[in-house]
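*Asks:* One structure, pasted below without further comment.
Values quoted throughout were computed directly from the atomic coordinates according to the rules given, and no laboratory measurement underlies them. Since the model is a prediction, treat every value here as computed from it, not as a measurement. Virtual Cβ from ideal backbone geometry, glycine too; neighbours counted across all protein chains shown.
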Amino acid sequence: EVDFVAVRENKTEYYQVAASVLDENTLARELHSLKQVKDNYPKFIITLDDYTGDYDGIRQINLIDWFDTQ
């Protein structure tokens with residue numbers, strides 16, 4: 001299950017939210033939900049981790065950084 005789907009101005013984005021995905025099992029679980037979505041809209045994992053990354057097009061972003069972009 002995906003935590004949030006945001007739609008605004010005809011743009012759709014998918015979000016998973018986790019305190020941390022430094023544990024590989026947690027990361028795999030969060031990625032799995034987003035990988036099940038078979039469209040090309042942006043997909044994000046929002047965490048408190050300082051690390052950001054890209055996993056086959058799924059972007060990991062820090063919560064504070066995400067707030068700054070909204």
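*Asks:* So what's Rg/Rh here for the chain, counting alpha carbon atoms and using the Kirkwood radius for Rh? Write down the numbers at each step before the final one.
*Replies:* Details: Rg = 11.5 Å, Rh = 12.2 Å.
Radius of gyration over Kirkwood radius for the chain works out to 0.94.
*Asks:* For the chain, build the charge dipole from Cβ charges (+1 Lys, Arg; -1 Asp, Glu) around the Cα centre, then report which of 31, 41, 19 sits farthest towards its positive end.
*Replies:* Looking along the dipole axis, the top candidate is 41.
*Asks:* Using the Cα centre of region 4-69 as the reference point, and only Cβ charges (+1 on K/R, -1 on D/E), how large is the resulting charge dipole? Debye, rounded to the nearest 20. Can you show the working numbers first?
*Replies:* On the way: 7 positive and 12 negative charges, 75 e Å.
Taking the Cα centre of region 4-69 as origin, the dipole is about 360 debye.
*Asks:* Report the trypsin sites (Lys or Arg not before Pro) located in region 9-40 that are in a DSSP loop and have at most 14 other Cβ atoms inside 10 Å of their Cβ, or state none.
*Replies:* Numbers: sites: 11, 29, 35, 38; in loops: 38.
Counting only loop positions with at most 14 other Cβ atoms within 10 Å, the trypsin sites (Lys or Arg not before Pro) in region 9-40 are 38.
*Asks:* Another question, then. For the chain, give the share of DSSP beta bridges that are antiparallel, in percent and rounded to the nearest 5; count only bridges with both residues there. Please report the intermediate quantities before stating the final value.
*Replies:* Working: 8 of 17 bridges.
Given both bridge residues lie in the chain, the antiparallel proportion sits at roughly 45 percent.
*Asks:* Search the structure for amide H atoms under 5 Å from the amide H of residue 17, placed 1.01 Å from N in the peptide plane, and list their residues when 5 or more places away or on another chain.
*Replies:* HN-HN under 5 Å from residue 17: 3, 46.
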